[in-house]
Amino acid sequence: MPRVPTAFCALALASLIVGLPPDGRAEEHLTVYTSFAEFGEPVYGDGFEHFDYVNPVAPKGGRIRLSAFGTYERLDTIRLGGRWVAGIGLTSDSLMTGSADELASYYPAIAESVAVPDDLSYAIFAINPAARFHDGHPITAEDFVFAFEHMKDNGRPLLKQFFQDVTAITALSERVIRYDLATTGSWKTVGLAASLWPAPVHFWEESGRDINESYLEPALGWGEYRIVDVDPGRSITYERVEDYWAADLPAKRGQANFDRITYVYFRDEDVMFEAFLGGEYDFRSENSSRRWATGYDAAPVESDYILRTTIPDLMPRGFVGMVLNLRRERFQDIRVREALGYLFDFEWTRENVMYGSYQRARSYFTNSDYGVADFPLPEGPELAFLEPFRDQLPEQVFTTPFVPPRTDGSGRIRSQLRSALGLLREAGWEIRDSVLINVATGEPMEIEILMRSNALERVIQPFVNNLKRAGIDASMRIVDTAQYERRTDDFDYDVVYLAANFFPPPGAEQRTYFASDMADEQGSANWPGIVNPVVDALLDEVVNAGDLETLKAANRALDRVLLWNHYIIPTYYNDNFRIAYWAKFDRPEQLPRYGTGFPGTWWYAPHMAAALPAGRR
């Protein structure tokens, strides 16, 4: 890890490295790092000039229009409630930043270095003296104190859980800030501290506005872009900050090349796509295999005005599928949950609805070796993590690779239906007069699947039809994004279709997804309502793992327990990016390992745009 060559005691560090006035603190061995990785070494060493996947002299200019689905209700992002606006991250920076060639490395941004003791129990960041808000006011340690306390007091549960191991903050001087950490020996927690951001104290004091209240009037920013136009719920426009103080930092060079970026909102997926073909926005990451296979037979594509390509997607993914809400009594029996999984016919859906695209999800940590998809049975360290809980776990955890039920793709699911009905009978449900009834109460089985767009209707409807074949009164409900947010925050659903990220290497943030104490926390990400002491214990092992291989083994043990408890019906994921864009952009020859690089590293190409029809340039 790049570092100051010599480790100093606290007093020497104060006077020679970060400008901290000597204050009588006990001398302690500290090492100063200019960059670090959670495990191993950063890809980019000391003295690097720019990331490999950027053009350091990319031209600045041009305006682009992008799309967003649904609507937005606010510009603030910290509190629970209401959907915030697309692209808002363009207006801010954190202490340190990552590269798209790595999953967990940190390079100077607002902070020029971080100093840590040998046990990593705290982190001291030195703020770059050039760091400025958009009004020219210096970014200070007090701005970080203000932001951190606001987040801890008012943040939504997912956010507070994510940063729970960052326990305290102290402004040691105007440009030096200390974060105390609940863990020791964990670069993950140091990385969390490095991901924190400021909030301009002077702006909130002088404006008379309350940071605790939701707002649609832009606040003062400090990132590569500022907000210049807000059309509530319809669009938002960002303008590049020409005198952005960090533009020539190695981790920023060659990026933020567009002068203006506008997000236009649509409430219908089909209307959104037609708007793209009509030139109302410029870039599309296609999420529909049907549209990708059949929808681009259009004049702009045939004329090469719109270009299409696929790029391998190597990014580790979180879980995706239909989440069963265990707060509903009918889903508390594991046999009921397992039975429903037999009724999702992925093989038929893939061939008849998805045009042969997508891979079946077989893990909560898809596309990564943090999950069990490529590890059929537990062994070695993973088995050691599971063994103490053998009598609390389904036997299959130890004896059977987790593979979702498969069909022959014909649409005939008699065998799967028999398996499902057998499990339901064991759980006390029987079909009477074509209706699945709870034998004890006489109540019918009812399931409503909540969604926020019609994009997945063609995927979910065959599943609904199969549920009905099992005597279940099943339906879909598509609601607007605002209602969807409220209902998921309040856990007001039977089944909800969700895709969730994870942040490799996984850590304390996993608790908000799976920990028992988050099951009834409004706005948490424990959407299934998991209350399981084994899961809690394995989460502790993940968080406290001392090295990467131990962490992976603990996380695979967690993944296996989650899968065999059938909290979700895993569906599918795409291992490629499918992108289409109007031919007015250029990009570096080398793409980042994780992602497409758009829009950050692309740039407007006037010579290409000149070939487009008038009004599309």
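The values are calculated or read from the model by the stated rules, or taken from the named source; none is laboratory data. All figures in this text were calculated on a predicted structure; none of them were measured in a lab. Ideal geometry is used to build each Cβ from the backbone, glycine not excepted, and the neighbour counts take in all protein chains shown. Please note that ligands, DNA and RNA were not included when accessible areas were found on the heavy atoms of the full protein model with its side chains. Shrake-Rupley method; radii C 1.70, N 1.55, O 1.52, S 1.80 Å.
Quick notes
- Sole residue being in contact (Cβ under 8 Å) with a residue 12 or more places away in the chain and out of contact with any helix residue (DSSP H, G or I) (no Cβ under 7 Å at 6 or more places or on another chain), chosen from Ala580, Ala525: Ala580
- The stretch 63-86 - residue that is part of a loop (DSSP other than H, G, I, E, B) and of a type in the set (A, V, I, L, M, F, W, C) and, of those, nearest to Gly221 (Cα to Cα): Leu75
- Ser99 vs. criteria under 17 Å from Gly254 (Cα atoms), under 23 Å from the mean Cα position of the chain (by Cα) and among the hydroxyl-bearing types (Ser, Thr, Tyr): yes
- Looking only at the stretch 485-506, and only at residues there that are open to solvent by 20 Å² or more (accessible area, probe 1.4 Å) and part of a helix (DSSP H, G or I), the one that is farthest from Ala361 (Cα to Cα): Arg486
- Residue check, Arg337 outside any loop (DSSP other than H, G, I, E, B) and closer than 26 Å to Phe69 by Cβ: no
- Flag not set for Arg412, criterion: of a type in the set (Lys, Arg), open to solvent by 60 Å² or more (accessible area, probe 1.4 Å) and in contact with an Asp or Glu (Cβ under 6 Å, 6 or more places away or on another chain).
- Only a single criterion out of (1) open to solvent by less than 30 Å² (accessible area, probe 1.4 Å); (2) aromatic (Phe, Trp, Tyr); (3) part of a helix (DSSP H, G or I); (4) in contact with a strand residue (DSSP E or B) (Cβ under 7 Å, 6 or more places away or on another chain) is not satisfied by Tyr281, namely (3).
- Scan of the stretch 309-334 for residues that are in a helix (DSSP H, G or I) and open to solvent by less than 40 Å² (accessible area, probe 1.4 Å), ordered by number: Phe331
- Residues that are more than 20 Å from Ala247 (Cβ to Cβ) and without any contact (Cβ under 8 Å) to a residue 60 or more places away in the chain within the stretch 89-137 comprise just one, Tyr122.
- Selection status of Gly45, without any contact (Cβ under 8 Å) to a residue 60 or more places away in the chain, open to solvent by less than 40 Å² (accessible area, probe 1.4 Å) and in contact with a Pro (Cβ under 8 Å, 6 or more places away or on another chain): yes
- Residues that are of a type in the set (A, V, I, L, M) and either open to solvent by less than 10 Å² (accessible area, probe 1.4 Å) or under 30 Å from Thr71 (Cβ atoms) (or both), drawn from the stretch 92-119: Leu95, Met96, Ala100, Ala109, Ile110, Ala111, Val114, Ala115, Val116
- Those residues of the stretch 462-483 which are open to solvent by less than 20 Å² (accessible area, probe 1.4 Å) and either of a type outside the set (Val, Ile, Thr) or assigned to a loop (DSSP other than H, G, I, E, B) (or both), in sequence order: Phe463, Asn466, Leu467, Ala470, Gly471, Ile472, Ala474, Val479, Ala482
- Pairs linking a residue in the stretch 315-342 that is under 25 Å from Ile413 (Cα atoms) to a residue that is open to solvent by less than 40 Å² (accessible area, probe 1.4 Å) and of a type in the set (S, T, N, Q), with Cβ atoms under 6 Å and 6 or more positions apart or on different chains, are Val320/Thr571; Gly321/Thr571; Tyr342/Gln416.
- In the stretch 339-352, the residues that are open to solvent by 30 Å² or more (accessible area, probe 1.4 Å) and under 27 Å from the mean Cα position of the chain (by Cα): Arg350
- Among the residues of the stretch 202-212, those identified as open to solvent by 30 Å² or more (accessible area, probe 1.4 Å) and touching a residue at least 60 places away in the same chain (Cβ under 8 Å) are Phe203, Asn212.
- Unique match (being in contact with a Phe, Trp or Tyr (Cβ under 7 Å, 6 or more places away or on another chain) and open to solvent by 30 Å² or more (accessible area, probe 1.4 Å)) among Glu541, Glu521, Glu509: Glu541
- Inside the stretch 284-308, residues that are surrounded by fewer than 17 Cβ atoms within 10 Å (Cβ to Cβ), among the charged types (D, E, K, R) and assigned to a helix (DSSP H, G or I) make up a count of 2.
- If you check Tyr355, Tyr370, Tyr364 for being open to solvent by 20 Å² or more (accessible area, probe 1.4 Å), of a type in the set (Ser, Thr, Tyr) and either closer than 24 Å to Val320 by Cβ or part of a strand (DSSP E or B) (or both), only one passes: Tyr355.
Yes/no per residue for (1) under 25 Å from Glu239 (Cβ atoms); (2) β-branched (Val, Ile, Thr); (3) surrounded by 22 or more Cβ atoms within 10 Å (Cβ to Cβ):
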{"position": "Asp143", "(1), (2), (3)": "yes, no, yes"}
{"position": "Ala147", "(1), (2), (3)": "yes, no, no"}
{"position": "Gln161", "(1), (2), (3)": "no, no, yes"}
{"position": "Ser173", "(1), (2), (3)": "no, no, no"}
{"position": "Tyr179", "(1), (2), (3)": "no, no, yes"}
{"position": "Thr183", "(1), (2), (3)": "no, yes, no"}
{"position": "Pro198", "(1), (2), (3)": "yes, no, yes"}
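- Counting residues in the stretch 267-277 that are assigned to a loop (DSSP other than H, G, I, E, B) and over 30 Å from Pro56 (Cβ atoms) gives one or more.
- Test: residue in the stretch 216-226 that is within 25 Å of the chain's Cα centre (by Cα), assigned to a loop (DSSP other than H, G, I, E, B), among the aromatic types (Phe, Trp, Tyr) and farther than 30 Å from Leu343 by Cα: yes
- Test: Arg226 is under 24 Å from Pro129 (Cβ atoms), modelled with pLDDT of 95 or more and open to solvent by 60 Å² or more (accessible area, probe 1.4 Å): yes
- Given (1) open to solvent by less than 20 Å² (accessible area, probe 1.4 Å); (2) part of a helix (DSSP H, G or I); (3) not aromatic (Phe, Trp, Tyr), number of the condition Gly89 does not satisfy: (1)
- Residue count for the stretch 433-461, restricted to those that are open to solvent by less than 80 Å² (accessible area, probe 1.4 Å), touching a helix residue (DSSP H, G or I) at 6+ places or on another chain (Cβ under 7 Å) and assigned to a loop (DSSP other than H, G, I, E, B): 4
- The stretch 393-413 residues that are farther than 21 Å from Thr366 by Cβ, paired with ones that are open to solvent by less than 40 Å² (accessible area, probe 1.4 Å) and aliphatic (A, V, I, L, M) (beta carbon under 9 Å, 6 or more apart): Leu393/Leu386; Leu393/Val534; Leu393/Val561; Pro394/Val561; Phe398/Leu386; Ile413/Leu343; Ile413/Ala420
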